[in-house]
Structure formats: structure tokens, C-alpha cells
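Notes to accompany the following structure.
The values are calculated or read from the model by the stated rules, or taken from the named source; none is laboratory data. Remember, predicted model here, so these are calculated numbers, not experimental data. Note that we place each Cβ from the backbone using ideal geometry, even for glycine, and neighbour counts take in every protein chain shown. What goes into the accessible areas is simple: the full protein's heavy atoms, side chains included, and nothing from ligands, DNA or RNA. Shrake-Rupley method; radii C 1.70, N 1.55, O 1.52, S 1.80 Å.
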Amino acid sequence: MLKTKLNVLTLRKEPLPTVIFHEPEAIELCTTTPLMKTRAHTGCKVTYLGKISTTGMQFLSGCTEKPVIELWKKHTLAREDVYPANALLEIRPFQVWLHHLDLKGEATVHMDTFQVARIAYCTADHNVSPNIFAWVYREINDDLSYQMDCHAVECESKLEAKKLAHAMMEAFKKTFHSMKSDGRIHRNSSSEEVSHELESDDG
């Protein structure tokens, strides 16, 4: 916050211009954007539980329950009492960003990026905890082979987990329409086939 006194110069239209100086009270000058402002991340603060490989090609309701239980067990064994949020999950139209937070709760430069088109399934419906949101992601390896990984995060509440599921569904829709208009999805693809690629279950 910078305070300064400004001299106001006023010229009146007279034969000989009269110059009037004012010394008003201190005027507060503040910038709404700092010079070195970092990008403000929008998203949901979560605790990233990790990922685990899963099998299968058709993902139906309940398919993430087993991998989530394994991730939850590792998480509960590792934490002491209260485990603070360690990440910020930001769902965008074509990508999902997982910003990792430092000990002060601020976003670091380390970020995991997930392409929405490669997310096969997501859900906020888990028996082990209603606060968990999970998604199955097709990870492409260096040799062009792929594996299906189940990622999971713990939200602050059941409502936050549900919001993430709905946000992901909206991202699915935008990605699907974009891919269809670009010709990356064949028009003769059945709705069932597409649903396997872009499916969400928010319970």
C-alpha cells in the first residue's frame, strides 16, 4: 500500500492563466495486481492419495472400489492424525490439473496433467469414504503401450467430491463435442462405445 500526496494543477481560461496548487489529504494508491503476480489457481483443495494400476477395459459402477480401498489403506497407515490438503485439483474443459502444494499450502511448480479424452471413468461414490473422488486414466508409456491407472483424492466433504464428479462430466461433454466436430470421433460410433471412453458416475 503506497501513500503519497499529489499536487493538482488547474489552469483557468483567463487573460493571464492562474495556476492553483492544492495539497489534498493523503490519497491511497494501490494496485489491484502486483508486479510479480503469480497465477491464481482455481480448483478444489484435496489430499492426493496416489495411483494404482487397474485391469479391464469396461469400467462400470463399483470398478474403482477395490483400488480406492488399497490407496485408502496406504493413506491411513502413513498419516498420523490430521493429514492436510497436499494438492489442488483443477478440472478444465480439456485437461485436469493436479497442482502439488508445499508445506505452506501454496502451489508449487510441480503439476500433473491429465487429458480428459484419456479419462475412462470417474466417480465420487465409494463405500470406504464418501469424500473420495477417483478417476481411471489411460497412461501412455514410452514404448507407446498403455496402462490403466486409478487415481484418487480425498476432498474436504462429500459435497466437494460430488462437485468434482459433475465438473468432470461437463469437461467430458465439451471434450466429446470438440473431438466430434474435429472428426476425431467417427459419426458411426455407437453411443455405447463412446460411453466407455467418456463415462462418469457420481453416485
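A Cβ distance below 9 Å, combined with a sequence gap of six or more or placement on separate chains, defines the contacts here; from segment 99-120, residues that are of a type in the set (Phe, Trp, Tyr) reach residues that are at pLDDT 80 or above and open to solvent by 30 Å² or more (accessible area, probe 1.4 Å) in the pairs 114/95; 114/97. For segment 143-169, filtering for residues that are part of a helix (DSSP H, G or I) and touching a residue at least 60 places away in the same chain (Cβ under 8 Å) leaves 5. Filtering segment 98-146 to residues that are surrounded by fewer than 19 Cβ atoms within 10 Å (Cβ to Cβ) and among the hydroxyl-bearing types (Ser, Thr, Tyr) leaves 108, 113, 129, 145, 146.
How many of the residues making up segment 46-72 are within 24 Å of residue 100 (Cα to Cα), surrounded by 12 or more Cβ atoms within 10 Å (Cβ to Cβ) and not β-branched (Val, Ile, Thr)? Give the steps one after another, and end with the answer.
Within segment 46-72, the subset within 24 Å of residue 100 (Cα to Cα) is 46-54, 64, 67-72.
Applying the additional criterion that residues be surrounded by 12 or more Cβ atoms within 10 Å (Cβ to Cβ) yields 46-52, 54, 64, 67-72.
Filter once more, keeping what is not β-branched (Val, Ile, Thr): 48-51, 67, 70-72.
Going through segment 46-72 one residue at a time, the tally reaches 8.
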